[in-house]
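Report on one structure; see the data block that follows.
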Amino acid sequence: MNPAASILVIDDEPDLRTLYELTLLREGYRVETAASVAEAREQLSAKRFDAVITDMRLPDGFGMELLQDLRNQNRRERCVVMTAYGSAENAVEALRCGAFDYLTKPVDLRQFRSVVASAVQDPGHTTALRVARGAGAPRLAGGAGDAHKPTYALQRLVGESAAMQDVKQRIAKVARSMAPVLIRGESGTGKELVARALHASSQRNEGPLVAVNCGAIPENLLEAEFFGARKGSYTGASQDRDGYFQAARGGTLFLDEIGDLPLAMQSKLLRAIQERSVRPLGSTQEEPVDVRIVSATHRDLAADVQAGRFRQDLYYRLNVIELMIPPLRERLEDLPALCAALLSRIGQESGSPVPRLTDDALRQIARYPLTGNIRELENLLHRAVALSDGQDLVVESPASSAPPSHPQEAQPLQAPSAAEGDRAAPAADAAGVPPTLPHDLQAWLDQQEREILVRALKETGFNRTATAARLGISLRQIRYRIERLNIATPHASEGADDGL
Ligand SMILES: Nc1ncnc2c1ncn2[C@@H]1O[C@H](COP(=O)(O)OP(=O)(O)OP(=O)(O)O)[C@@H](O)[C@H]1O
Ligand SMILES: [Mg+2]
């Protein structure tokens, strides 16, 4: 909290105004009030505040106009908008226009205090406005203080295609609000990198970024992992433990593969986000947590909502702002820059010079379908560097390493599915069915499954997340199947993929 902070509260209801004022005064803030847009403008032109809390509907206009004023004038005040119950669109609109956060009326005073506390948390947040604002191209360079951080973060996102420029501009725009962001994109498109750039460009960049792979946590541990646990709350809990929410306080909680979260946990997560507080396992006390939620998925969550696999209310809550990362095949103009950047990274990691990227090599690379996107490109380049012994990079032709296919025609593997419920109908596909019926159906299915898994794992450079996405099953399923079939995977990539 920052008790010295000054706050302007705008509401036309005298009783509510007094209630908010008293609540804030008791917290030790300096408070001014206004009853209309005109009064608020007068106050704002006379002095600076740390935060502005405004009702949406006012007698002479809308709270949004004040928000707009603040943005147009490059003012540092963070703005929290109060909207009537049931007008979620307004709240979402306000967040999109740069509001720091919103509160729904009737306002819960506990929530009110916690939102205000986060709004004034960093009194030096003039620097928070360092990232681009407004419609034009973001001004990514220059500025005072730690302005190098967002610049650097965004520069690490290689690619100047229109699609990538759009992604970068949107990151810069949403970085200053608290609005939840949902990052969508195929496997390997750079969702995690975007989440990190978003955090680093945001005013929370001094705080932690806690990245959680939702698909990699055993179901019975989810609650303790997310919300923490008190000593003795379960066997083995020998001391109090913080969860991801507590660990991310003041920073960003990145929920990767959010689509893999089981339904029961989805409701608990929704509650924590709405209440801005969590109750550790074995505790009776709610703990306030101030985190920004950024989530990511390669799945079509809207379809999962339709199918009843994902809670609609949580989906709306997470998807206030959506960042769609286009697949590499739709931004092939980024290929040369990406290859150059990845090669230089490979060189730095290995500590030895890398072969030259020739036009021929580039042409060869472009022939790959690259359905695994930038992660696949990375693996491809690793292989190529290992294969090249001269000055120039040698890239094997797609035919010699994987079945050639055109990106748009890239077919999912025709696999006899060994998924539960499917066993009665093995491989109607002529190519897959053995000439005579197998004597041991299970052994035959296992063999097919093993071959498919090994092939998909190889294709994705043994990345389990990407393999799961490639085969349309969850990460948990992949891990289970790899273990069940005793498939050996290179050690290094196992750890990298296992989340926290
Ligand atoms: N625009 C980019 N510029 C440079 N490197 C990138 C870019 N996008 C992705 N990468 C690199 O590609 C790899 C995959 O990126 P990342 O892990 O962020 O993808 P993802 O979408 O989260 O993938 P997955 O679905 O497999 O989890 C990483 O090594 C990342 O650094
Ligand atoms: Mg990822």
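Here is how the numbers come out for the structure above:
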item	result
Number of positions in region 171-207 that are within 14 Å of ligand 1 (Cβ to nearest atom) and of a type in the set (D, E, K, R)	5
Check on T252, in contact with a Lys or Arg (Cβ under 7 Å, 6 or more places away or on another chain), within 16 Å of ligand 2 (Cβ to nearest atom) and within 13 Å of L318 (Cα to Cα)	no
Within region 230-252, tally of residues that are away from ligand 1 (no atom under 16 Å from the Cβ) and within 30 Å of S177 (Cα to Cα)	11
Any hit, region 483-499, residues being at pLDDT 80 or above and under 30 Å from R184 (Cβ atoms)	yes
Residue that is least open to solvent (accessible area, probe 1.4 Å) [pool: residues in region 86-114 that are closer than 21 Å to T18 by Cβ and outside any helix (DSSP H, G or I)]	L103
Evaluation of L314 against (1) away from ligand 2 (no atom under 16 Å from the Cβ); (2) closer than 21 Å to L253 by Cβ; (3) surrounded by fewer than 22 Cβ atoms within 10 Å (Cβ to Cβ) (one fails), failing number	(3)
Residues located in region 269-283, provided they are within 28 Å of Q203 (Cβ to Cβ) and not in a loop (DSSP other than H, G, I, E, B)	L269, L270, R271, A272, I273, Q274, E275, S277, V278
Checklist (1) more than 15 Å from ligand 1 (Cβ to nearest atom); (2) farther than 20 Å from G259 by Cβ applied to V210, failing item	(2)
Pick from region 233-256, criterion touching a residue at least 60 places away in the same chain (Cβ under 8 Å) and open to solvent by 10 Å² or more (accessible area, probe 1.4 Å), ranking: nearest to the chain's Cα centre (by Cα)	D256
Selection from region 14-71 of residues that are open to solvent by 80 Å² or more (accessible area, probe 1.4 Å), closer than 21 Å to G98 by Cα and not in a helix (DSSP H, G or I)	R48, R57, F62
Members of region 317-328 found to be open to solvent by 30 Å² or more (accessible area, probe 1.4 Å) and closer than 17 Å to P262 by Cα, listed by number	R317
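The values are calculated or read from the model by the stated rules, or taken from the named source; none is laboratory data. These numbers were taken from a predicted model, which means no experiment stands behind them. Quick reminder, even Gly has a Cβ in these numbers, built from the backbone with ideal geometry, and neighbours come from all protein chains shown. All accessible areas refer to the heavy atoms of the entire protein, side chains included, with ligands and DNA or RNA removed. Shrake-Rupley method; radii C 1.70, N 1.55, O 1.52, S 1.80 Å.
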